[in-house]
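Accompanying notes for the structure given below.
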Amino acid sequence: MAADVPASDTDGTLDIVRLAKGLAPALLTVLAAVYSLVAVCRADSSTATEAEWGAIAESVRKGRTPDELIVFAPPWIDPLGRQYLGDQMTIAMAARMDSARYSGIWEIGLNGERAPETKGLASDKIEHAGPLTLRHYPQVPAIVTYDFTAQWRSGKASGPMQGRPNLSLEEVGFEPHQCIKVVPRPDQTAVVAFSQVALGSKIVGFVGLADIFTRRDIRAPGKLALHVNGERLTTVVAGINSGWKRFEVATKAGIGDVEFHLTAVGPKARDRRICFAAEARK
Amino acid sequence: MRESWRNRVIGILLFVFASGLVISSQRDQGIARDEIVYMNYGTRYADWWIDLATGKSGTTHKDTITKHFGGKRPTDGNREHPPLMKTLFGLSERLLHDELGWTSQTTGYRVPTALVNGLLVCLVFFFVLGIWGRTAAISSALLVLFLPRAFFHAGLASFDAPVVTFWFASLFAYYRALRTRWGFLWLGLCCGLTLATKHNAIMLPAVFLPHYAYFVWRKQSSEGPRWRRLWDGLAQSRPQVLLGLFAVAPLVLIAIWPWLWFDTITHLRDWIGFHLGHVHYNFEYLGTNWNAPPFPWHVALVTTLFTVPLATLVAALTGFVMIVVRFRRGERADGDGCPALLLFLSAGVAMGPFLLRTTPIFGAEKHWAPAIPSLCIFAGLGLVWMANQARDSLIVAWPKWHRGVLRYGPIALLLTTTIGAAWSETLHAHPYSLTHYNALAGGAPGGASLGMNRQFWGYSARGVLPFINKFRRSDVSVPVYTHDASPAWGHYKAEGLLGDGLPDAGHEKAGIRKSKIAIVVHEKHFARHDILVWEAYKKVQPSFVLQFDGVPIVSVYVRDELLDK
């Protein structure tokens, strides 16, 4: 396994290129090893300490008003965030439909990470504690004219379904969401109708399939069709991998009737747990 | 000391070091769910063998065998997995814990895996030694030992580390069988032991048959008609290896597995059929939860890229390229028995099914682990080749430098840094190695951000036991929702890791409702358990979060009534 080419010419001058060629693989490997060693040694430095989390939590407690949201980035630090700030968070906040109705967002990011909820917003406060960054984003909250989820008992259910629609805390797309859960019979459509709804300029909602194990075992999708005053405005297909899927339709302000038509698509769609949440907004 | 004796001493030292390190380290590892199953059946199998050895009447009766090893349903008697390691777990626990009292019960069950892993390190040393020399042999052996994931599996009473050893032993035996008359018996024995360890052994012929065909083709004579030349090649290629593979190996399997002593074909069909139709567990890979085919074709490659220490990967790639280049130049890169081809085929066959997109991917690296020795051997070869290249370049460039420094400096630097990096990564990752990812992935946080699986089988729950113990009450029981650690709970108590008065509250919603403390093991598909606990405890705040390098792995929720006291 000798080198193919000598690193110095016959006249004795050093051939740098040939020398580099001979040393390069070894140096690359040593470099990779050193990089790994440094990564192991520095593993703790990218981790927030208890004191750093404590400092950030204290700032949030001092500055936050009850109608403000707390989010964490990247998402996998969420359990740690809730350990330090869970006393400031309700189940409704953690299982929210979206972030629009909050008047401000407190974002705690690790190593510069940002949460999708704050995209497009400008922060008015920034604070650092080790690898953690706290940012506060004021926002104009959405004005809700009718919260279908909160008013779920007002909805009149009809059509073939398992049990009755109910307000439920569910895992949808591996996230917690408070939603109205409806389980239509296979290949059937169930309807949840709300009458005399105070409509604004739009209806915003989300739909998805609850429960990872039924999503694994039953692959057929669910479908939501939104009817306002008898007219179908949108149809959303909720597949096993589509998560918490947003929909939005424009409406005419005033009083109207709204129906959510929920279909378990296909004869194999048994126990298709369709979950949705929606708000009429000004 | 004669050279052969020196090598034997090195081999023995490697075995002792590797086994001892794993036995000592596994004490910090939590108990994985599947281990409990294997431990329980291991005890049952060991009882049967002890009955047989002591001449208890009726032991070999069909009903007695069925009671110990089988049953009507597909998982009765844990008959979906062959018995070799389970039997060793049971015998080891009986000896080391029950009889001698040398180890804890869990360690007693786990010692066979650690010893078998030590054997792998030793076998890699001797295999490489005979072909590529001592430096490559020591390097390869140590790189096999210092792999964070493999080191973790070597500490479990499970089959994933042992099947690597027996798979590799089969390669070694096959390689030797090509040169010796009776070597096919060793080949049959090793393949039989592999079959008796884990079902992926049935792929071994896919390693040996192409290699053997190439070997025969190379041995064929240069004259006469083609059939005659090939016949000569076959005659010179120890055709009895086929006998070892297809006759001796199945007999060894049957001898070890009493369940196959009757209705053999049916029981074999049931065993393999179970794995061909295996349920798809949930598994996170690159941010997506996978539980149904088609799976991404690159799972085995990317996971290997992110879990094997970076310098080992670079060295392996270099070693592999070096072999290929030399082969293309027509140089004898790997000796007469084509061992490099054998290693390449071994890795390819071990990983191959995962390229098909239909093979379940849960378990990740442990399912294609037999590929790993090949990778480490290529790494060892790569290190030696790079050191030689560097040495020769330095000697030519600076001929007046101290010869000793030039000769030994590069290899010393390469071995120290590469093996040192692998060692440090392995020790750092322990005992949460399934959460660990290499520097290329960005460590554990990088792995979490990439959406790579963080753990499985609830083993990491052991790390929250000290916190839970703080809530013991002398006057009242404090039930714990133990989530994925449920099967291990009794063992933790028996080992003294968990105090009295902290019973398992039960499963799912009923268990959570009854519990005062709840743990949630963080895997993507376990998000629902957080939600169930929030609903019951009326809060989202865990009291403690176990983390590895800042990545949450287990959350512990405590009811307010306990916190207020």
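Some points to look at:
- Accessible surface buried by the A/B pair amounts to about 4900 Å², both sides summed, 1.4 Å probe.
- Global form of the stretch B:459-564, assessed from the alpha-carbon gyration tensor, a/c cut-off 1.5: rounded
- For B:Lys62, a cut-off of 19 angstrom between C-alpha atoms picks up these aspartates and glutamates, skipping any fewer than 8 places away in its own chain: B:Asp47, B:Asp51, B:Asp76, B:Glu80, B:Asp263, B:Asp270.
- Measuring between alpha carbons in the structure, the pairs from A:Lys62/B:Lys539; A:Lys181/A:Lys223; B:Lys366/B:Lys493; B:Lys86/B:Lys198 lying more than 18 angstrom apart are A:Lys62/B:Lys539; B:Lys366/B:Lys493.
- The protein assembly as shown - convex hull of the alpha-carbon atoms, volume per residue in Å³: 229
- For trypsin sites (Lys or Arg not before Pro), the sites in the stretch B:402-497 that DSSP calls loop and that have at most 16 other Cβ atoms within 10 Å are B:Lys470, B:Arg472, B:Arg473.
- Across the accessible surface of chain B, with the other protein chains kept in place and a 1.4 Å probe, carbon and sulfur atoms take up 62 percent.
- Distance from the stretch B:480-510 to the stretch A:29-50 (C-alpha centre basis), Å: 35
- Accessible area expressed per residue, the protein assembly as shown, with surrounding protein chains retained (probe 1.4 Å, Å²): 41
- Separation between Cα centres of the stretch B:356-427 and the stretch B:41-97, rounded to whole Å: 43
- Accessible area (Å², 1.4 Å probe, nearest 10) - A:Val237: 70
- Sequence-distant residues sharing a close amide H with A:Ala157 (under 5 Å, placed H): A:Ala193
- If you sort B:Thr135, B:Thr103 by accessible surface, 1.4 Å probe, largest first, the order is B:Thr135, B:Thr103.
- For chain B, the 222 nm mean residue ellipticity estimated from helices alone, with every DSSP H stretch of n ≥ 4 adding -39500 (n - 2.57) and the total spread over all residues, rounds to -18000 deg cm²/dmol.
- With coordinates expressed along the principal axes, the C-alpha atoms belonging to chain B extend over 87, 69, 51 Å, beginning with the largest.
- Taken about its Cα centre, chain B carries a charge dipole of roughly 1300 debye when the Cβ of each Lys and Arg holds +1 and the Cβ of each Asp and Glu holds -1.
- Amide hydrogen neighbours beyond the local backbone of A:Asn166, cut-off 5 Å, H modeled: A:Lys181
- Share of carbon and sulfur in the accessible heavy-atom surface of chain A [1.4 Å probe, %]: 53
- Note, ³J(HN,Hα) from phi for the stretch B:422-430, Karplus 6.51, -1.76, 1.60, rounded to Hz, x at Gly and Pro: 5, 4, 4, 5, 5, 5, 5, 5, 5
- Cysteines in chain A lacking any other cysteine Cβ under 4.7 Å from their own Cβ: A:Cys41.
- Exposure check, 1.4 Å probe, all protein chains in place: B:His430 carries approximately 30 Å² of accessible surface.
- Ranking by accessible area, most exposed first, for A:Leu31, B:Leu310 with a 1.4 Å probe: A:Leu31, B:Leu310
- Within straight-line cross-link reach of A:Lys21, aspartates and glutamates at Cα separation under 12 Å, skipping those fewer than 8 residues along the same chain: A:Asp4, B:Asp392
- The stretch B:134-185: trypsin sites (Lys or Arg not before Pro) in DSSP coil with no more than 13 other Cβ atoms inside 10 Å: B:Arg179, B:Arg181
- Exposed-loop-free span, longest in chain B, where GluC sites (Glu not before Pro) count as exposed if DSSP calls them loop and at most 14 other C-beta atoms lie within 10 Å: B:332-565
- Rounded, prolate or oblate (a/c below 1.5 giving rounded, otherwise prolate when a/b exceeds b/c) for the stretch B:282-357 by Cα gyration tensor: prolate
- For chain A, alpha-carbon Rg and Dmax in angstrom: 27.4, 98
- In degrees, nearest ten, helix A:50-63 long axis to first principal axis of chain A (Cα): 40
- Long-range amide H partners of B:Val554 with built H, under 5 Å: B:His522, B:Leu546
- When the residues B:Arg226, B:Arg44 are ordered by accessible surface, computed with a 1.4 Å probe over the protein chains alone, the sequence from largest down reads B:Arg226, B:Arg44.
- Test item: B:381-391 mean partner chain Cβ contacts at 10 Å: 5
- Partners for A:Lys282 among lysines (Cα-Cα distance below 18 Å; same-chain residues under 8 apart left out): A:Lys202, A:Lys252
- The trypsin sites (Lys or Arg not before Pro) of the stretch A:209-256 meeting both criteria, a DSSP state outside H, G, I, E and B (loop) and at most 11 other C-beta atoms within 10 angstrom of the site's C-beta, are A:Lys252.
- Formal net charge of residues neighbouring B:Arg149 (Cβ-Cβ distance under 11 Å; K, R +1; D, E -1): -2
- Separation of the stretch B:208-260 and the stretch A:60-135, taken as the distance between their Cα centroids, equals 66 angstrom.
The values are calculated or read from the model by the stated rules, or taken from the named source; none is laboratory data. Everything quoted here is computed from the prediction, not taken from an experiment. Positions of Cβ are backbone-derived with ideal geometry, glycine not excepted, and every protein chain shown enters the neighbour counts. Protein only, heavy atoms only, side chains kept; ligands, DNA and RNA dropped before computing areas. Shrake-Rupley method; radii C 1.70, N 1.55, O 1.52, S 1.80 Å.
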